[in-house]
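Student: Just dropping this structure here.
The values are calculated or read from the model by the stated rules, or taken from the named source; none is laboratory data. Computed from a prediction, not measured in an experiment: that's the story for all the values here. Counting neighbours? That spans all protein chains shown, and the Cβs are built from the backbone with ideal geometry, glycine included.
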Ligand SMILES: [Zn+2]
């Protein structure tokens with residue numbers, strides 16, 4: 001799935017977390033039986049909720065749940081994902097073992113089986129790589145370079161830059177072609193330029209890692225090291241023309257529509273016409289170039305860099321893309337840098353977890369359909385939808401009542417709110433993978449054929465209407481997202497389970513958990529990024545100037561607040577990078593709390609009524625906080641602070657409750673307490 005910067009899906013947590021960080025088996029503490037649905041065993045009663053609410057709500061959970069050796073962080077999300085993952089393994093093992101397999105079983109069972117066949121993979125060695133490496137070796141001029149770059153991109157290896165399909169920013173119902181920056185091996189631009197000691201060390205290890213990858217295909221150490229230096233130099237030059245993660249949150253910075261013929265002026269040294277033809281892209285007359293400066297730099301680079309280095313670069317990226325599908329030596333080397341160095345993870349996850357994840361990535365909706373049939377309850381869907389409507393109603397009340405917004409802008413905001421659509425659980429129409437050839441004994445080939453299918457599927461959208469029924473996450477995913485270009489919120493089946501939602505839990509806890517998630521996604525439509533899109537998903541300014549100024553002033557309060565939080569010694573959160581998510585957390589909690597109050601009023605239940613020793617209000621805040629119980633390794637915390645638009649769980653919790661007077665009231669906090677809302681930030 002391509003994720004264009006423009007119309008970036010904004011999820012509850014980074015997909016990176018949900019997709020890459022998988023759970024180690026049990027030690028998870030079983031939640032102590034409670035009537036409310038709260039995890040009472042997680043609570044640290046020795047902590048003062050008014051001083052550090054996160055410690056109070058999660059302290060014992062953190063103490064009792066060490067991070068498994070094969071994880072970079074460990075939290076409530078992982079525990080739930082682990083449950084989903086076990087269900088997925090059962091499905092895949094059944095599909096693999098079934099003698100009279102249905103076509104879908106043949107695909108997912110065959111894929112999983114081919115991945116689990118480590119012995120077969122080991123025996124094949126580097127053989128699966130050879131034909132492509134041979135092609136790259138034969139590249140001797142610009143024309144052959146374009147051909148090979150398009151061939152690699154066709155197989156999902158995005159060398160030099162990204163090419164994909166995206167909703168037209170000016171006409172979001174239609175899809176256009178999109179060229180974007182890309183081609184880096186480190187997580188993002190600034191990793192190439194930070195001058196602190198730790199960052200320099202990461203770069204050194206990265207270069208050593210590339211060299212080792214070349215050694216694994218038989219290149220002598222000296223030569224491999226020279227190649228790695230050349231690749232690093234080239235990537236650094238690509239990074240120079242790239243925007244950093246924070247700048248990329250501003251959709252206006254990523255919109256530059258132009259006639260396709262203009263590419264000849266922008267980057268005359270790279271024959272894009274030939275590239276598109278080789279890639280079998282549909283023809284198009286105009287496209288969006290997200291970062292034109294990047295392509296100016298690329299144009300110079302492609303002419304000035306020796307063909308040897310360009311070949312090495314393509315080889316290096318092909319090896320990285322292939323590593324996890326190859327022998328143990330490749331898998332281990334890849335893990336050593338991306339797992340150990342960047343995230344601090346001690347051990348590789350067990351093979352079956354990696355294979356479940358790979359099947360989810362490659363054939364997600366075939367596997368997801370079975371997952372839904374097996375695990376998803378319709379009553380959860382109905383209740384979630386009901387809560388969505390209640391929370392939308394609260395957003396309407398909120399918009400009407402805020403003082404800083406003019407009636408004209410309010411009217412537009414209401415139009416946008418009423419146009420939000422909701423998708424819950426799974427797609428109405430499942431993706432058809434019948435054209436992907438899956439062989440039981442060819443993991444490498446299965447992987448690249450599934451990528452080719454995905455690239456083709458994506459590019460075929462160019463010039464066609466956007467299919468808003470399509471999902472950007474697979475059903476077992478423990479996450480949710482708002483899609484600004486479609487103005488819809490999406491809740492995969494995977495998240496509609498405890499501790500987010502339970503039929504058995506008290507409503508107060510459900511509102512604090514899944515209710516806040518719903519409010520969070522809805523608020524994304526009105527955060528600093530989402531607010532720039534209109535009701536139909538077009539990037540169109542519907543704000544009066546003075547309202548925009550007011551919004552920015554209120555948002556700055558959140559930028560400064562979260563910018564002062566430090567997740568690991570010497571590192572502070574980037575208040576601007578995390579602004580959208582923090583705005584969504586703060587707004588989402590308020591909306592869910594208002595919805596709870598209305599629900600309680602309807603049932604004539606007093607807010608002070610207790611269950612498990614906690615009032616309704618206290619249960620709500622605890623339900624919210626316990627979703628975020630987690631521990632993170634310092635290496636991972638540092639990498640996330642530099643790349644992730646989401647704040648860590650501790651600050652998602654304490655940052656929000658210290659902005660909400662209702663929290664202080666619920667727990668009796670007083671002026672001077674750390675969680676007391678004295679200088680509360682509030683946008684929505
Ligand atoms: Zn979010």
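Student: Among 570, 563, which is the only one that is on the phi > 0 side of the Ramachandran plot and away from the ligand (no atom under 16 Å from the Cβ)? Outline the logic, then answer.
Tutor: Details: 563 fails: on the phi > 0 side of the Ramachandran plot.
The unique qualifying residue is 570.
Student: Kindly indicate which of 602, 610 is surrounded by fewer than 24 Cβ atoms within 10 Å (Cβ to Cβ), over 19 Å from residue 519 (Cβ atoms) and modelled with pLDDT of 95 or more.
Tutor: Numbers: 602 fails: over 19 Å from residue 519 (Cβ atoms).
Result of the check over 602, 610: 610.
Student: In addition: Against the definition (buried (at least 23 other Cβ atoms within 10 Å of the Cβ) and outside any helix (DSSP H, G or I)), how does residue 645 come out, yes or no? Quick ask: steps written out before the conclusion?
Tutor: Details: buried (at least 23 other Cβ atoms within 10 Å of the Cβ): yes; outside any helix (DSSP H, G or I): yes.
Answer is yes for this residue.
Student: Filtering the range 666-678 down to residues that are touching a residue at least 24 places away in the same chain (Cβ under 8 Å) and touching a helix residue (DSSP H, G or I) at 6+ places or on another chain (Cβ under 9 Å), which residue is surrounded by the fewest Cβ atoms within 10 Å (Cβ to Cβ)?
Tutor: 670
Student: Still on this model: Any residue at all in the range 501-513 that is within 16 Å of the ligand (Cβ to nearest atom), surrounded by fewer than 24 Cβ atoms within 10 Å (Cβ to Cβ), in a loop (DSSP other than H, G, I, E, B) and touching a residue at least 60 places away in the same chain (Cβ under 8 Å)? It would help to see each step written out before you state the result.
Tutor: First, the residues of the range 501-513 that are within 16 Å of the ligand (Cβ to nearest atom): 513.
When the remaining residues are screened for being surrounded by fewer than 24 Cβ atoms within 10 Å (Cβ to Cβ), the result is none.
No; the residues of the range 501-513 include none that is within 16 Å of the ligand (Cβ to nearest atom), surrounded by fewer than 24 Cβ atoms within 10 Å (Cβ to Cβ), in a loop (DSSP other than H, G, I, E, B) and touching a residue at least 60 places away in the same chain (Cβ under 8 Å).
Student: Restricting attention to the range 480-491, which residues are surrounded by 24 or more Cβ atoms within 10 Å (Cβ to Cβ) and more than 14 Å from the ligand (Cβ to nearest atom)?
Tutor: Result: 485, 486.
Student: Return the residue satisfying two criteria in turn: it lies in the range 135-151 and is farther than 12 Å from residue 313 by Cα and under 29 Å from the mean Cα position of the chain (by Cα), and of such residues it is surrounded by the fewest Cβ atoms within 10 Å (Cβ to Cβ).
Tutor: 151
Student: In this structure, is residue 23 modelled with pLDDT under 55, within 27 Å of the chain's Cα centre (by Cα), crowded, with 20+ Cβ neighbours inside 10 Å and away from the ligand (no atom under 16 Å from the Cβ)? Before the answer, list the steps.
Tutor: On the way: modelled with pLDDT under 55: yes; within 27 Å of the chain's Cα centre (by Cα): yes; crowded, with 20+ Cβ neighbours inside 10 Å: yes; away from the ligand (no atom under 16 Å from the Cβ): yes.
Spelling it out, residue 23 is indeed modelled with pLDDT under 55, within 27 Å of the chain's Cα centre (by Cα), crowded, with 20+ Cβ neighbours inside 10 Å and away from the ligand (no atom under 16 Å from the Cβ).
Student: Assess whether residue 530 counts as being touching a residue at least 12 places away in the same chain (Cβ under 8 Å) and away from the ligand (no atom under 12 Å from the Cβ). Outline the logic, then answer.
Tutor: Details: touching a residue at least 12 places away in the same chain (Cβ under 8 Å): yes; away from the ligand (no atom under 12 Å from the Cβ): no.
Criteria not met by residue 530.
Student: Within the range 239-251, which residues are touching a helix residue (DSSP H, G or I) at 6+ places or on another chain (Cβ under 7 Å) and farther than 14 Å from residue 643 by Cα? Working first, answer last.
Tutor: First pass over the range 239-251, keeping only residues touching a helix residue (DSSP H, G or I) at 6+ places or on another chain (Cβ under 7 Å): 239-245, 247-249, 251.
Hits for the range 239-251 are 239, 240, 241, 242, 251.
Student: Could you tell me whether any residue of the range 296-319 is in contact with a helix residue (DSSP H, G or I) (Cβ under 8 Å, 6 or more places away or on another chain) and within 20 Å of residue 118 (Cβ to Cβ)?
Tutor: Checking the range 296-319: at least one residue is in contact with a helix residue (DSSP H, G or I) (Cβ under 8 Å, 6 or more places away or on another chain) and within 20 Å of residue 118 (Cβ to Cβ).
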